[in-house]
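The values are calculated or read from the model by the stated rules, or taken from the named source; none is laboratory data. As the structure is a computational prediction, the values presented were derived from the model and not from experiment. Here Cβ is always computed from backbone atoms with ideal geometry, including for glycine, and neighbour counts include all displayed protein chains. Heads up: the accessible areas ignore ligands, DNA and RNA and are worked out on the full protein's heavy atoms, side chains in. Shrake-Rupley method; radii C 1.70, N 1.55, O 1.52, S 1.80 Å.
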Amino acid sequence: QVQLVESGGGLVQAGGSLSLSCTASGGTLSTYAMGWFRQAPGKEGEFVAATTSSGSITDYSDSMKGRFAISRDNAKNTVYLHMNSLKPEDTAVYFCAAGAYISVLRNAHAIRLWGKGTLVTVSS
């Protein structure tokens, strides 16, 4: 059974950059559309970005478009989230998710495969 593991979270100053990784064990990610969600303290989960199985199509939340970039390397069984110009309001636990189609990945309730998350803290 495929398990997703996020890494790369940490503490960064506002305006800084951070890259997250999501790797899979027990299977391949190459057949899945992949995405990222985040959940800030006391708030509901929020869609961040998603990409198709090939990486040729990407989808972003409007609030993060232009600052965040999702990419994948199927040979390394890894998906990335590159985050730039970070703001304190980007502080959250970031989760990796897999789905059959990119359209599924905007709906957290439709996702069946999640990682456990990695914490990103942006200081002001």
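Details
- Exposed trypsin sites (Lys or Arg not before Pro) absent: longest stretch of the chain, with sites in DSSP loops and at most 16 other Cβ within 10 Å deemed exposed: 68-111
- For the chain, the solvent-accessible area of protein heavy atoms averages 51 Å² per residue (probe radius 1.4 Å; ligands and nucleic acids excluded).
- Taking other residues whose beta carbon is less than 14 angstrom from the beta carbon of A100, and scoring Lys, Arg as +1 and Asp, Glu as -1, yields +2.
- Residues of segment 11-37 with an amide N closer than 17 Å to a point placed 7 Å from the Cα of Y101 along the Cα-to-Cβ direction: 31-35.
- Close Lys pairs in the chain (alpha-carbon distance under 23 Å; sequence gap of 8 or more, or different chains): 6.
- Accessible-area composition of the chain, carbon plus sulfur, in percent [1.4 Å probe]: 50
- Compared with the rule-of-thumb size 2.2 N^0.38 Å for a compact globular protein, the chain has a Cα radius of gyration ratio of 0.96.
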